[in-house]
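Participant: Before I ask anything, let me first share the structure, which is written out below as structure tokens.
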Amino acid sequence: MVISEYEKVKPYITKDGSLIRELMHPSVHGNKNLSLAEAIVPVGFTTFLHKHHLSEEVYYILEGKGLMRVGEEELEVKSGDAIYIPPNTLHQIKNIGDIPLRFLCCCAPAYSHEDTEVLES
């Protein structure tokens, strides 16, 4: 059994500008095909527009409110919403609430900087 303890996972700023805590990743935990991370987007902040060439993603909003762009679509998202992002699809999220936007991000294959292309910064 592999367990990742939240307090022991060091957060970092990823290429899209959000604060990420990799809760499960093959390079650290030995799982094979996916990664699970917690992302935090501060109030008023928007992640950089980006895409992943190979990975598909699912965001699951834990708390806060955001404006999610996937491709050409934009939609408000809130706690309890799950959003699917296909591979090679431009996406970004803006925190439009009054608390940090916190969500889980599951990627398959697992997240990598090399698979991430930022289109604006």
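Participant: For the stretch 1-25, how many residues meet the condition of being among the hydrophobic types (A, V, I, L, M, F, W, C) and exposed (fewer than 10 other Cβ atoms within 10 Å of the Cβ)?
Facilitator: Here the count works out to 4.
Participant: Could you check how many residues of the stretch 80-121 are part of a helix (DSSP H, G or I), touching a residue at least 40 places away in the same chain (Cβ under 8 Å) and exposed (fewer than 14 other Cβ atoms within 10 Å of the Cβ)?
Facilitator: 1
Participant: Please specify each residue of the stretch 26-77 satisfying the condition of being hydrophobic (A, V, I, L, M, F, W, C) and surrounded by 17 or more Cβ atoms within 10 Å (Cβ to Cβ).
Facilitator: Residues of the stretch 26-77 that are hydrophobic (A, V, I, L, M, F, W, C), as a first pass: 28, 34, 36-37, 39-41, 43, 45, 48-49, 54, 58, 61-62, 67-68, 70, 75, 77.
Across the stretch 26-77, the qualifying residues are Leu34, Leu36, Ala37, Ala39, Ile40, Val41, Ile61, Met68, Val70, Val77.
Participant: Kindly indicate which of Gly30, Gly80, Gly17 is of a type in the set (Gly, Ala, Ser), farther than 23 Å from Glu120 by Cβ and at pLDDT below 95.
Facilitator: Going through Gly30, Gly80, Gly17 in turn, the sole match is Gly30.
The values are calculated or read from the model by the stated rules, or taken from the named source; none is laboratory data. Only a predicted model underlies this, so the values are computations on that prediction, with no experimental measurement involved. Ideal geometry is used to build each Cβ from the backbone, glycine not excepted, and the neighbour counts take in all protein chains shown.
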